[in-house]
Amino acid sequence: MNNGNTQQDLKHAVAKGFLWGGMSNVVCQLLSLLFGIYLARILGPDDYGPIGMLAIFSAIAGSLQDSGFVAALANRKKVGHDDYNAVFWFNILVSFLMYAVLFACAPLIADFFNQPVLVSLSRYNFLGFVVAAFGIAPSAYLFRELKVKQKSIAIVLSIAVSGMVGVAMALNGYSYWGIATQSIVYVLVRTIVCWYFTPWRPSLKVSFAPLKYLFAFSYRLLITNIFQRFNWNIFSFILGKFYTRTDVGNYTKSAEWFNMGGEVVNGMVNAVAQPALAKVVNDSELQLHVFRKMLRFTAFVAFPLMFGLSLVSKEIIIIVITDKWIESAEMLQLLAIWGAFMPIQSMFTNLLVSCGRSRTFMWCTIVQGVLMLAILLEVHSYGIKQMIVCYCIFNVVWLFVWFYFAKKEIAIRLTMFLRDVLPYMLLSAIVMYVAHLATVAVDDIFLRLVLKIAVSALLYLTVAVMMRSNELKEITEFLSKRNKEVI
């Protein structure tokens, strides 16, 4: 009886997490889209270039700051005040140390990219690390307790406030300084709201003893996160070195739109998957069931969303931020295809972390990053589009490497994986191709955009109903139930 109640509670928590995660991600991406459109109309690719060049340094510093402790706390069976307190003060000390190092390295960064403006800009932009350090412990608390609703509110508010600040500064001619300020305000507001929702408070009586067992789990995640973020920002690094500031700006904007679409699903998966899977790690049958259920839901949402983004990328970019960004639209078309597979990779990596396989996660990510860097450096002279194609193909193929290691943890067979993912992938690809053929002769760009969205959405949902998709049925029933509760 207790086991049944536990399963039911977990199912409810996961469903609630997916619902709030999904809704908040949609709201967040819509807000980001709104502010992004306004900023892109005011600014140009050349304005986004300097911030794009700093992206890889911000990403790596962010990984060092987190140190993998959020995942370590989520995986630990019992967590007390001393654990959170040690993590809080450790992150404060590390953030100030990192800022001092980056402050000193600012001239070297500027010399590497041959952009003198990066000296002052990087020193200002990196202040966000110090601010973010104060929010890691409360964020870890909300993550461990599956408080997705509270984290969602924090993210929505931070996007709204920081977006208004960024737009106001851009209107007053601050260009990339406004973008940098926007990122600092974002982490400031998010930190404040996370503290508001977290009952835990730090104390001056500090013991760093808990870091010993937390770091034993998290140090591999730390190395992994550094390579992950390096992988995600590798284009800005290579483009900044071998291409112009405008090229970096175009890629930065395409990556921004790609992330807005991808985070709708990927953020939802990351908010729920690891803590949920960690709770069933001792029940292999239930773990497999939970994993496959989340995998099917992920595929059901990710493929039509991201393939659809690829389908309408040119129309959206031209309509909302004008044709001065047309090059970024062509990059977005390619990136969005890989974006459909990215949440599936996140499912595999969250599984490995929940099973305590941080070593496997680390080495697989390192090898992936090194190979990808070598490939991109080899093909960079052929052009940006060829680099993106190679990037997408390589990452899709690497999914089967992740599957190989996941198979060692749970009894999932390749046929199971393909049966869960392949139908929605093929359905989405066919639907988008049909929508393209049906609208290719339409000259009016606004009408073409509307028709592409309408035709693809109608076809996908119709076929999903005909397939008797359990995912569509459960989403409909859950939303219907929630609406009745509200009424």
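The values are calculated or read from the model by the stated rules, or taken from the named source; none is laboratory data. On a predicted model such as this, the values are computed, not experimentally measured, just so you know. Glycine also receives a Cβ, built like all others from the backbone with ideal geometry; neighbour counts cover every protein chain displayed.
Things to note:
- The condition (being part of a helix (DSSP H, G or I) and farther than 30 Å from ALA441 by Cβ) is satisfied by just one residue among GLU315, GLU285: GLU285.
- Residues being in contact with a Phe, Trp or Tyr (Cβ under 9 Å, 6 or more places away or on another chain) and more than 27 Å from SER175 (Cα to Cα) - total across the stretch 97-128: 0
- Among the residues of the stretch 183-210, just one is within 30 Å of THR360 (Cβ to Cβ) and either buried (at least 20 other Cβ atoms within 10 Å of the Cβ) or touching a Phe, Trp or Tyr at 6+ places or on another chain (Cβ under 6 Å) (or both), namely PRO210.
- Residue within the stretch 357-365 that is outside any helix (DSSP H, G or I) and closer than 14 Å to LYS408 by Cβ present: yes
- Per the listing VAL131, VAL87, VAL79, the residue uniquely touching a residue at least 40 places away in the same chain (Cβ under 8 Å) and in a loop (DSSP other than H, G, I, E, B) is VAL79.
- The single condition among (1) surrounded by 19 or more Cβ atoms within 10 Å (Cβ to Cβ); (2) farther than 26 Å from LYS205 by Cβ; (3) not aliphatic (A, V, I, L, M) that SER95 does not meet is (2).
- Qualifying residue in the stretch 5-27 (condition: at pLDDT 80 or above, surrounded by 19 or more Cβ atoms within 10 Å (Cβ to Cβ) and part of a helix (DSSP H, G or I)): no
- Any hit, the stretch 367-380, residues being crowded, with 22+ Cβ neighbours inside 10 Å and modelled with pLDDT of 85 or more: no
- Screening PHE227, PHE217 for residues that are at pLDDT below 75 and assigned to a helix (DSSP H, G or I) leaves exactly one candidate, PHE217.
- Residue under evaluation THR439, criteria (1) modelled with pLDDT of 85 or more; (2) surrounded by 13 or more Cβ atoms within 10 Å (Cβ to Cβ); (3) more than 30 Å from ILE326 (Cβ to Cβ), criterion not met: (3)
- None of LYS314, LYS324, LYS385 is surrounded by fewer than 20 Cβ atoms within 10 Å (Cβ to Cβ), closer than 25 Å to ALA438 by Cβ and of a type in the set (Lys, Arg) except LYS314.
- If the condition is being buried (at least 16 other Cβ atoms within 10 Å of the Cβ) and not polar (S, T, N, Q), then the stretch 408-428 contributes GLU409, ILE410, ILE412, MET416, PHE417, ASP420, VAL421, PRO423, TYR424, MET425, LEU427.
- Matching residues in the stretch 127-182 - criterion: being surrounded by fewer than 19 Cβ atoms within 10 Å (Cβ to Cβ), of a type in the set (A, V, I, L, M) and closer than 22 Å to ALA72 by Cα: VAL130
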